[in-house]
Amino acid sequence: MAKTTDPVSAPAGATYSWCDWHKGPSGTAVLVDVIEQGSGPGVTRYACAPCREQRGLVPFSEQQP
């Protein structure tokens, strides 16, 4: 009998992230800001495509160092 829930061949589910600008889930959210702190963990901020367009946010991977 064939396995119908083989994890290797089963399609991956949708991946959603959190948009820190509109405060909701999004399938298009990418990292746009990293806030480093001297002590303790830093903070990362994600924005979805509509929020990036409205606010002129640039994905972190495309920012100049």
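The values are calculated or read from the model by the stated rules, or taken from the named source; none is laboratory data. Just so it is clear, the structure is predicted and the values come from calculations on it, not from any experiment. Cβ placement follows ideal geometry from the backbone for every residue including glycine, while neighbour counts extend to all protein chains displayed.
Summary of computed values
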quantity	calculated
Top-ranked residue in the range 32-65 [being hydrophobic (A, V, I, L, M, F, W, C) and free of Cβ contacts under 8 Å to residues at least 12 places away in the same chain; ranked as surrounded by the fewest Cβ atoms within 10 Å (Cβ to Cβ)]	Ile35
Residue satisfying all of: in the range 6-31; loosely packed, with under 12 Cβ neighbours inside 10 Å and among the charged types (D, E, K, R); modelled with the highest pLDDT among these	Lys23
